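The structure under discussion appears below in the form of C-alpha cells.
The values are calculated or read from the model by the stated rules, or taken from the named source; none is laboratory data. These figures come from a predicted structure and were not determined experimentally. Cβ placement follows ideal geometry from the backbone for every residue including glycine, while neighbour counts extend to all protein chains displayed.
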C-alpha cells in the first residue's frame, strides 16, 4: 500500500481506528469557548467530527495520507528557505501569500489521488466501501494522522513529523474494512515554545490551544467580515494566510520538497507588489487565481486583506515610497462595497 501511495505522490500513509472518544472533550471545550469564530460549520457538525462511523456509516478504519507541498525549487540548504520567507516581512510594499497557496488548489489534487488509491486497494480486496476526504468534511484530520503514526501534534496544533516537519497536506480514506492500525509516534517538541512566541497575534494561547479568531490564516481566509481593528496592525503584509509558526519550528529544517509540479509557485503571486495586486479587477482576480485555493475567498475579501497590508505599509514607509499605495487606495475608495471601503478608509488614516 505504501508503494502505491508513493506512486501517487504521497509521502506516507498510516491506519487509524475510529474510536476518537478521548478527543471529544477537547473538541467540545474548544467549540464552547468560541475559538472557532465564524467557522459555524465546526459547531454545526458538533461531535460528528470525532465519530467517523457517524459521518460514513460502516466505517471501521481510516487510511491517512500526507503529501509534501514545498515547491520543488525551494532551497535545500538548512534554514535558507525559512530565512527567505521571514525576509518578506521586511518588504512592507510586497504581499505575502502562504506557501501552501502559491500553486494549485490542494483539495482537488489530494482528493483525486486519494480516490485513485482507494480504487487501487479496492481492486485487491473482495469488496471495499471507501470515501476520500481532504479538509472537505467534518473530519479530525490531525488527530487521525497522529493516531496513525504520521507524526505528533505540535504546540501550534499542526502535525509534526521528524523527517518532514509540517509542510504537508493531510487526507483520509474512510473504509469499511478492518485494517491493523499503525503505531503512533512520541512527541518531540520538548520545552520549545518558538511557535507560541513568534505568533504575531498571540493566537496560540497555550500549548496545543489555538484561538482561531486571532489567527491571521483565519482572519484573511475564513473570516468574512471586517478584520478587528486591534489585529490589523499585527497582520503586516500577510494577505493570504500566515506561516510564521511553521517557519520558526526547528523541525521544518527537514521539510521535504513536493514530488508534484502542481505545487510550484505561480508567476504573479510570489513577491508581488501590493499596488499591483490591489489593482486587479474581479475578472483579473478570477483569471490569476484559476485553480488556486485563493479563489475561494473572492475578490472583495482579497481587496480587504490587501487594504490592511497597504495601511500597515503606509505606517512604516517614508515619502515618496508610500505615495503609490495612497494613490491606489484613493482610486478604489469610491468603488465596491462597504467592507472594502471601510478598510481603505482605515488604511489611508495610517
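Consider segment 141-158 and keep the residues that are touching a helix residue (DSSP H, G or I) at 6+ places or on another chain (Cβ under 8 Å) and surrounded by fewer than 23 Cβ atoms within 10 Å (Cβ to Cβ). The one that is farthest from residue 49 (Cα to Cα) is 155.
In summary, residue 190 fulfils each of the numbered conditions (1) out of contact with any helix residue (DSSP H, G or I) (no Cβ under 6 Å at 6 or more places or on another chain); (2) crowded, with 16+ Cβ neighbours inside 10 Å with the single exception of condition (2).
Has segment 64-76 got any residue that is touching a helix residue (DSSP H, G or I) at 6+ places or on another chain (Cβ under 9 Å), free of Cβ contacts under 8 Å to residues at least 12 places away in the same chain, under 27 Å from residue 101 (Cα atoms) and loosely packed, with under 15 Cβ neighbours inside 10 Å? Yes, some residue in segment 64-76 is touching a helix residue (DSSP H, G or I) at 6+ places or on another chain (Cβ under 9 Å), free of Cβ contacts under 8 Å to residues at least 12 places away in the same chain, under 27 Å from residue 101 (Cα atoms) and loosely packed, with under 15 Cβ neighbours inside 10 Å.
The conditions of being in contact with a strand residue (DSSP E or B) (Cβ under 7 Å, 6 or more places away or on another chain), more than 25 Å from residue 161 (Cβ to Cβ) and at pLDDT 95 or above are not met by residue 101.
For segment 119-150, the set of residues classified as closer than 19 Å to residue 182 by Cα, part of a loop (DSSP other than H, G, I, E, B) and either out of contact with any strand residue (DSSP E or B) (no Cβ under 7 Å at 6 or more places or on another chain) or at pLDDT 95 or above (or both) consists of 140, 148, 149, 150, listed by residue number. Considering only residues that are out of contact with any helix residue (DSSP H, G or I) (no Cβ under 6 Å at 6 or more places or on another chain), part of a loop (DSSP other than H, G, I, E, B), in contact (Cβ under 8 Å) with a residue 12 or more places away in the chain and under 20 Å from residue 183 (Cβ atoms), which ones fall in segment 1-60? Of everything in segment 1-60, those that are out of contact with any helix residue (DSSP H, G or I) (no Cβ under 6 Å at 6 or more places or on another chain), part of a loop (DSSP other than H, G, I, E, B), in contact (Cβ under 8 Å) with a residue 12 or more places away in the chain and under 20 Å from residue 183 (Cβ atoms) turn out to be 1, 10, 11, 17, 60. Condition first: closer than 19 Å to residue 8 by Cα and free of Cβ contacts under 8 Å to residues at least 12 places away in the same chain. Now tell me which residues in segment 117-147 satisfy that. Once the filter is applied, which keeps residues that are closer than 19 Å to residue 8 by Cα and free of Cβ contacts under 8 Å to residues at least 12 places away in the same chain, segment 117-147 yields 119, 122, 123, 124. With respect to the conditions (1) assigned to a helix (DSSP H, G or I); (2) touching a residue at least 40 places away in the same chain (Cβ under 8 Å); (3) closer than 21 Å to residue 92 by Cα, residue 345 lacks only one, and its number is (2).
If you go through segment 106-128 and keep only what is over 15 Å from residue 66 (Cα atoms), surrounded by 15 or more Cβ atoms within 10 Å (Cβ to Cβ) and in contact with a helix residue (DSSP H, G or I) (Cβ under 9 Å, 6 or more places away or on another chain), you end up with 121, 128.
What do you reckon, is residue 219 touching a residue at least 12 places away in the same chain (Cβ under 8 Å), assigned to a helix (DSSP H, G or I), surrounded by 15 or more Cβ atoms within 10 Å (Cβ to Cβ) and over 18 Å from the mean Cα position of the chain (by Cα)? So residue 219 does not fit the description; no.
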